[in-house]
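Below is one structure, written out as structure tokens; the observations come after it.
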Amino acid sequence: MNKLFFLFIIIPFFSFAQPEKRLSGYVEDAKTGERLIGATLYHPTSGIGTVTNNYGFFSLVLPVGSQSVDVRFVGYRYLSAKLDIQKDTLLVFRLNPGVDLGEVTVKGQDKSQVDPELSTLSFNRINIGEIDRMPVILGERDLLKSLQYLPGIKGGRENTATYNVRGGSSDQNLILLDGVPVYNVYHVFGFFSVFNNDAVKNANLYKGGIPARYGGRLSSVLDISMKDGNMKKGSGVFSISPISARLTIEAPIKKDTASYLLSFRRTLLDLPMVLSQKANGSNQTYSYKFYDFNGKANWIINPNNRVYLSLYAGRDKQFHRSKEDGAKSTFFYKWGNYTSVLRWNKVFSSKLFTNFSVYGSHFFHSQEGETKDKEIDLHSYFTASSTLTDLSLKADAEYYISPLLLFRFGANYSHMNFKPNIIQIKSTEDYVRLNDEFKRSSNLLEAYVENQIRAGGFNFNLGGRFSNYTSGSASYNYLQPRLAIKYQTNNDFSISASYMRMFQYLHLLTNSSLGMPTDLWVAATDKIKPQKGEQLSFGFEQGLNNGYKFGAEAYYKWMNQVVRFDEGETFLNSNDDNWEENILEGKGKAYGAEFYLKKEEGRFRGMVSYTWAKSERLFDEVNNGRWFPFKYDRRHDLSFFAEYDLGEKYNRKKNLSIGFTLQSGNNLSIADTEMKGLIPPGMENYAHPDLPEWFTTRKTFYNPNNYKMPTFHHLDIGYTTKLNRSTGKSYSWTFSLYNIYNRMNPWYYYKKDDQVRSVSIFPIIPSVSFTYRW
């Protein structure tokens, strides 16, 4: 059956081809030269339309002669181009920023997205400008936190950027930055994401019917594109909040030919912390800092060739130093991510667009401790580190066969190196290095095909992905079929259905026994198999009067070979323990229904979303082999976000926004028993007061997720005022009030004297941020 399916999807139906001439090219911002992703082009006479791809490219078949093409993109002025089509033509359409023409719709056509076969509940294009106006805590705009207003997206703990999709775990979300996987996406232990909103151009979220061109995770794909850099003139953004300062600069290297973008963000927390501790004469210094750097350059060689170079670097560092009675001790905890990618866009013909990429992604985290005491001739050093390095080659192609058929195909090869839990212990007399034998490499070869078909009111995406994975003696071959169907009527009603099978060859081991998020990425092995997921979804959407739209979608997800790290275990094990020995494999299932009502027109816009969901796990060794609730099994989730345009007067625009979240509580595992163990060798004289407890406490958990947190809710409000100068400069102030009615939601639970106690850390919090653009 799988072979027949695969043969069917690779047949590109050449009989659909039409003799008309082909119009191809790009849609871009007239002021900056930025290529616009997802811009729509529509031919009113034939009723045929298309959408620009991730590089702003389009291809459209038109009859010979005088023709009219309508070009639209949200937030830009509508363009109706009059053309004389006599031969295959390459054009660039330039749109001017202005009236939000997302309000303009064409009945019977769903041209608002790159994948028209998917519903709004399975695919979301994130409005980057909307994020700038959302009420936020401490003035930090955050792409990942904005996702938590969407149905089917559940946040982690209060105010963290972590998210879970349709009953999956956070490691089952594939997050791409300019096509490169980012393995660490959080700062400040999960409170903020690593993505600088000033450098982001576009973000697409898939959580159902994921196309075959994506693979490697079970639950969702977040595809983020960086800005390319201003091709017309120099420009920039400076922004400051109580947490960080950001600076973005972009300019042409050669006008309309090459440009660059540089963006830097750094926290401001460490400077006052260190100064205050020194001013107080403390013999201990504790601090924390993080930074992000984004860089990008691109060069248009000619209309058919363009190259891009993108870089990202981000790191967090927590440190503690102390001096006492001649002894000095230092502790560092560092983690971060580096990515780079070189891409080449090649247009072979008006029908064939290709992209070739070579990229690398490196994730690391390490803990380092050092103690010196001259009086007793002591010098000890301890480090525990983990790294993941991903080097890949990738090729993607889009073949525009006819107005009714787009054929996509591609392949990629990835080589990964894993160094989990490498421990080094040095002292005056000894040196010990542990776990070198657990280093591992893996190779992944994948190929995919997609047929995107339009037939009457139907849109189909029929595709498949084949993968071959090897690691040591383990070898796995899988076929992953994908199918999405959507039927659209002329009265703004649509129904949709999708099926997808996904495999995940990476496992994220998360352990909290050290009191910090020491996460290990490890490869699937002959003992620990790849995770497998399948999902079915079915839904409908209905356009209503006055710009309102309602939608509902139900889903059911099966998961196999999901992993669980033994509760109470620690990554800092001895040389006798392999991490594979502490892993349990099991099953998962998740199902639910998502609903939304949104308004996209007028001065008042917003969305109300509600999700009813259930997610469970099953492990033979846990809970007597019975199903138990997943940690983020939240039965009810109600979210509301709205903004109101207060108008413009004297070049000053004002905007009011409000956000509300109401969710069932998470499930927590409260330890049944706690025991003390031995301090690891070489750490006996380490001076940090809490470290012995982190390293020696062992807990037992007979009943997983045995405690239900109370209902979580908060209401936030934001106000933005923006002054636009005639010189093109602008000044923005954003004022936010988080948790306006001071709801003290429990953030953390612990057990003391056989009683479960809670800690709340987020009361009502006002904040302000400032942004200057030129």
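Side notes on the structure shown:
- Computed E for LEU597/VAL274 - FRET, C-beta separation, R0 56 angstrom, nearest 0.05: 0.70
- Were the residues from ARG125 through LYS649 laid out at 0.36 nm apart, the gain over their Cα-Cα distance would be 185.6 nm.
- Nearby lysines by direct alpha-carbon distance to LYS31 (threshold 17 angstrom, same-chain neighbours under 8 apart not counted): LYS201, LYS227, LYS232, LYS233, LYS254, LYS255, LYS729
- At a probe radius of 1.4 angstrom, the accessible area of the chain per residue rounds to 41 square angstrom.
- Nearest-ten-degree value, helix 270-279 long axis tilted from longest Cα axis of the chain: 30
- Pairwise FRET efficiency - TYR286 versus ASP754, Cβ, R0 = 45 Å, nearest 0.05: 0.90
- Helical mean residue ellipticity (222 nm; -39500 (n - 2.57) per DSSP H run of 4+; nearest 500) of the chain: -1000 deg cm²/dmol
- Per-residue SASA entry for ASP325, accessible area with 1.4 Å probe, Å² rounded to 10: 130
- FRET efficiency, 1/(1 + (r/R0)^6) with R0 35 Å, evaluated for LEU508 and PHE356 via beta carbons: 0.75
- Reach of LYS589 by Cα under 21 Å, taken over lysines that are not fewer than 8 positions away in the same chain: LYS154, LYS207, LYS529, LYS532, LYS557, LYS614, LYS631, LYS708
- Whole-percent carbon and sulfur share, accessible surface of the chain, 1.4 Å: 56
- Computed packing ranks the peptides 60-68, 626-634, 82-90 as 626-634, 60-68, 82-90, most packed first, by mean other Cβ atoms within 10 Å.
- The trypsin sites (Lys or Arg not before Pro) of segment 300-381 meeting both criteria, a DSSP state outside H, G, I, E and B (loop) and at most 16 other C-beta atoms within 10 angstrom of the site's C-beta, are LYS374.
- Rg then Dmax, both in Å and based on the Cα atoms of segment 233-336: 20.4, 70.
- Three-way shape label, the chain, alpha-carbon gyration tensor, a/c 1.5: prolate
- For segment 209-277 versus segment 483-505, the gap between their alpha-carbon centres in whole angstrom: 33
- Prolate/oblate/rounded label for segment 208-293 (Cα gyration tensor, a/c 1.5): oblate
- Under 5 Å, built H, 5+ apart or other chain: amide partners of ILE48: HIS43
- In this label model, LEU662 and ASP88 are separated by 5.8 nm, measuring between points 7 Å along each Cα→Cβ vector.
- Global geometry of segment 304-416, whether rounded, prolate or oblate, following the gyration tensor of its Cα atoms and the 1.5 cut on a/c: prolate
The values are calculated or read from the model by the stated rules, or taken from the named source; none is laboratory data. As the structure is a computational prediction, the values presented were derived from the model and not from experiment. Glycine also receives a Cβ, built like all others from the backbone with ideal geometry; neighbour counts cover every protein chain displayed. Heavy atoms of the whole protein, side chains included, go into the accessibility calculation; ligands, DNA and RNA do not. Shrake-Rupley method; radii C 1.70, N 1.55, O 1.52, S 1.80 Å.
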